[in-house]
Each structure stands twice: as structure tokens, then as C-alpha cells.
Amino acid sequence: MAVTAQNVRVNGEAAVASDPIIHKGKYRFPPGLRLNLPLYTGRSFFDRTNPILLFEYLQRYGRAAHYRLLWHHIVLLNDPSDIREVLVDKAQCFIKERTQKRMKILLGDGLITADGEVHKRHRRIAAPAFHRQRIQAYASTIVEYAAAMADEWKPGKQMDVAAEMMRLALRITARTLFDTEVTEEIHAINDEANAVMDIYNDLIAMPRAEDLLRWRVPIPVLKRFQRSKDRLDSVVDRMIARKREEMVRVGREAESARTDLLSMLIAARDEEARSGGLSDLELRDEVMTIFLAGYETVANALAWTWLLLGQNPEVEAELIAELRRVLGGRLPTLDDVAKLTYTEMVFAEAMRLYPPAWAMGRQAICDVEIGPYHFPKGTFLFFSQYIVHRDQRFYDEPLEFRTERFTPEAKAQRPRFAYFPFGGGGRQCIGESFAWMEGVLVLATLAQRWQLDVVKEQKIALQPKITLRPKHGIRVIPHMRQK
Ligand code: HEM
């Protein structure tokens, strides 16, 4: 084993990197933890409930860091050019890593968990529902629901804005993408998703959880998970059945019956069944995947945005000035989205500091060179939006909330993967345009009417599970704005 500096290629140009390399046979690894990860139990960076601590610790190794978990090689990549190689340039050498695959126990074979041909087929079927024009048709519903929430809030009455944003995003997703009435049953989705999120890290860590679930082994955490999963499945099954009936009633070919994602997925299932479309089970998996991926992420992004606005009155003042200038007191419309540039910058900067998808990972399916390294097949590569978005190399005073980081000029100065809240490459978030539009319209609708003061006596803590949630919620006191 030898440590050397390497000549590496960065964007096609030869450059001398001082990054140390550990040679192991024909492979080249970054430095990192010398012992197997479980042997660090008891150290401050080893906390099963907060994997961000480990990633923060590993940042000290620079461009990348290596550790072993049992016999697995695991590498954290911190450099945008290396992340780009994994997600874009050499994407064919990778599949989703184990913890994301394990989400199959909840999501089955939907877009997030599937790989290879299955993923391509699902993406082709779902893509039309996310085309820009299609997404734009949802703008008025988003504003209608946000305005209804603005009517419900009471001046001076403390509330948890994180829970409120979950409620709102759930309603918006149900109505726009799944054309579903927002009933108690739909709200049950949120309760069950919360229950699953609570036990998620335990499930990920449990060896052979899939088999134990299949064999219905009576372990409390598995029983709790199965209860939630059964309930979620039955809500989704009923949603599909109702939509199917409606499509038959209206006429399968009628355009009006096919404007939402759910109708499109059902039609794809029915029309393509013989030519390799979606099976009934795949249809349910896809609905569940997009439903959960679609509301939870946006809700968290908005919750963190309210916290940051409450803590940064000068940013809030500039936001309100833009809303007054562009909207003059009326509700926003689709046409306003492009004009609400500062609102978008606020949302972007909030997702820099608190990216809802806070880390991603892949597993190499062949030996692969990434930057100056050479990894064997089977290596797990992780990269964290939370870590890279707070890196001083790309952001001065990274912990400060500074919207000017998102002017077009400032954005052009940074490498593409210094900011990647929606991932990148062929598996980039399919709902990205939807999320930006929803974020901007919800902020514009609610911030016009309400100022949310963050309650001082509360602990704001991170809960990094599948998404980055505020552990204890975010308590605020709403005050109505002067017209
Ligand atoms: C702020 C909001 C959102 C964030 C931060 C976010 C983030 C992400 C990220 C990072 C990925 C890539 C994961 C990977 O490659 O391993 C992803 C994929 C995905 N997202 Fe989102 N997302 C958001 C909103 C949405 C919405 C609104 C929907 C749907 C309505 C959605 C549906 C999906 C789906 C289906 C995938 C899998 C795509 C594929 O692999 O082809 N997301 N998202």
C-alpha cells in the first residue's frame, strides 16, 4: 500500500492534484478511516440516527474519503467533477446503492428503485406527465390550495409550519398528479409515511429485512412497518380502482380523462400490457413512488424556507418587495412564475442549506476510474448535497443565507455539481420543474398574506432520513401583513 500524489484530468485538462492516493493492488482509493466502520462505535461522528455526522467528519480527507463497512468498500465523493462522472459521464457503470434499493420494501419497483431496462420503461411511460406544458396546467390548482391554507391560518396562533407544508403539498400532489379528492384517507398517507420515516434507519440497517418481512417474522419494527405499508397499499389500490372506473365511464380515449399522471399510468398499463407496459403491481409501485417522492420533498424544502425567512428579515423584506411589485396584492398565476425571480432565488438558497434529498449513492457494477481513483466493482459511492452545498470552495460563508448566490452570473461561476438538489444525469428528478413551480407559487401566495415569526424557544434539529426533515417541526406565529 503506497500513498502518492497523482496527475489527474479535470475537464479534459491535465492538472496536478495533491490528493493523496492509497494503492491497493491495481486499485487506487482516497484516504479515510483505517478500521472497519463498526469499530468506531462510541466516537462522536458515529451516530446511526445522524449519518450526516460521519460525512462531515470524512470531509477532512478532502476530495474523497474511503472506509469499509464489513467487506464493502465505501467512498464519499466531495468533488463536483467526480460526482459528475458518476451521475453523467460513467452512469452506465453504476446502479442504485443498497439503501436506496432497500426502499423497494416500501416502493416496490418504481422509478426511484428500479434500474436498467425496467427503469427506462417506467421513465418513458411517466415522462409525458411531467412535460413542461403539462406541469403548467397545475399552476392554478397549486395557488388555489395555497390560498385556501392562507385563509385557514389564524393571526397569533402558534403552529408547526413543517406539518402545515406537509398537509399542503399532500393536497396539491393528490389533486394535480392523481386527480384525487383530498379525503381523510389521503391524509392517512401522511401519517403512514411519517411512521415509516421514523423507523426507516432501523429498517435500512437490519440484515435481510426483505426476507424477514416476507416470512412475516414478528419483530416489532417490522410489524409496525408492515401495518403502514398495508395501509398505504390499500389507499393507493382504491385510488387506482376509482380512477379506472371513471376512465371507463368517461371513455378511455377521451382526452379529458387522461390529463393527470394517474390516468396516463393506467392507460399505459392497459394499452401496453402486451408490449411490456406496466403490470398491475408495477402500476401500484409507480403511483406510490411518485406520490411519496412528490409531496414530502417539496414540503420539507418549503418548511426550511420559512425558517430561513424568519431568521433573515432583510431577505424577507426583499421578497415582499418583489411580490408587491409583480403581483400588487393579487394571487399569482403561471405567467408570474418567470417574473418572480427573487422568490425563486430564496427557494434555491434554502435548498442549498437544507437540501431535501441530502445524500445519494450508487454501486459500481464494473471496475471504474473516477477522478484520480480506480475502484473495484461493487464499491459504494456516496455524495451528499448537504456536504457539497456547504463547501467553502464554492460558497463564501457557506452557513449564511445569501440569495445573491443564485443570480445567473453567480450560478455560472460554479461547477454544475456544486449544487444538485435534484440529482443529475439520466436519473435526474423527474418532478424538478413541478417542484420549482410549486415552491415559487406557494411561497408567493402565502408570504403575501402572512409573516411567519419563528418561535425563539424551540430546538431546531435535523432529522436526516430518506429526506432531510426538521426533527421537532418548526413552530411559528403567523401575523397578517398590511395590504
Ligand atoms: C424539492 C423537491 C424535490 C427534490 C429535492 C427532489 C430530489 C430528487 C433527487 C435528488 C432525485 C435523484 C435520486 C437519485 O438519482 O438517486 C430524485 C428523483 C426522483 N424524483 Fe424528485 N425531488 C423533488 C420533487 C419531486 C417531485 C415533485 C416529484 C414527483 C411529483 C419527484 C419524483 C421523483 C422521481 C419519480 C424520481 C426518480 C427518477 C428516476 O430515477 O428516473 N420528485 N428527486
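Hey, which lysines would be in cross-link range of residue 377, C-alpha to C-alpha under 26 Å, not counting anything within fewer than 8 residues on its own chain?
24, 26, 90, 96, 101, 104, 120
Mind checking which helices in the chain clear 18 Å along their axis (Cα) and have mean Kyte-Doolittle hydropathy of -0.5 or more, DSSP H runs only?
Helices meeting the span and hydropathy rule in the chain are 139-152, 161-178, 184-205, 280-311, 313-327, 341-353, 432-449.
Given axes a ≥ b ≥ c from the Cα gyration tensor, I'd like to know whether region 276-328 is rounded (a/c under 1.5), prolate (a/b larger than b/c) or oblate.
It is prolate, given that a/c is not under 1.5 and a/b is the larger ratio.
Please report how far the C-alpha centroid of region 304-322 lies from that of region 384-402, rounded to the nearest whole angstrom.
Result: 19 Å between the Cα centres.
By a straight-distance test (C-alpha under 19 Å), which lysines pair with residue 339 as possible cross-link partners, with residues fewer than eight away in the same chain excluded?
Leaving aside lysines fewer than 8 places away in the same chain, those within reach of residue 339 are 411.
Roughly what would the spin-label model give for residue 365 and residue 115, points 7 Å off Cα along C-beta, in nm?
Computed distance between label sites residue 365 and residue 115 equals 0.6 nm.
Multiply the residue gap between residue 188 and residue 279 by 0.36 nm, knock off their C-alpha separation, and tell me the result in nm, one decimal place.
Residue separation times 0.36 nm, minus the Cα-Cα distance, leaves 30.2 nm.
Direction-averaged shadow area of the convex hull around the Cα atoms of region 271-418, nm²?
Projected area, direction-averaged: 13.8 nm².
Sort 220-228, 360-368 by packing, meaning the average of other beta carbons within 10 Å per residue, with the highest value first.
360-368, 220-228
Which one, 309, 40, 209, projects farthest toward the positive side of the charge dipole computed for the chain from Cβ point charges (K/R +1, D/E -1)?
After comparing all options, I get 40.
Report the Cα centroid-to-centroid distance between region 28-48 and region 104-159 in angstrom, as an integer.
37 Å
Work through the residues other than residue 211 whose Cβ is under 13 Å from its Cβ and net out their charges, Lys, Arg +1 and Asp, Glu -1.
+4
Suppose the chain between residue 224 and residue 40 were pulled fully straight at 0.36 nm per residue; how much longer would it get relative to their current alpha carbon spacing?
Length difference between fully extended and current span is 63.3 nm.
Tell me the mean residue ellipticity at 222 nm calculated for the chain from its helices only (DSSP H runs of n ≥ 4, each -39500 (n - 2.57), averaged over every residue, nearest 500).
My calculation for the chain gives -15000 deg cm²/dmol from helical runs alone.
Test of understanding: what is the full-extension gain from residue 391 to residue 455, defined as 0.36 nm times their sequence separation minus their Cα-Cα distance?
20.1 nm
When DSSP assigns beta bridges and you keep just the ones with both residues in the chain, what percent turn out antiparallel, to the nearest 5?
Antiparallel bridges make up about 90 percent of those DSSP assigns within the chain.
Could you let me know the centre-to-centre spacing of region 419-444 and region 176-206, using Cα atoms, in angstrom?
Value for the Cα centre distance between the two parts: 21 Å.
Every number in this text was worked out from the coordinates using simple rules, so none of it is lab data. All figures in this text were calculated on a predicted structure; none of them were measured in a lab. Because the Cβ atoms are built from the backbone with ideal geometry, glycine has one as well, and the counts that use them run over all protein chains shown.
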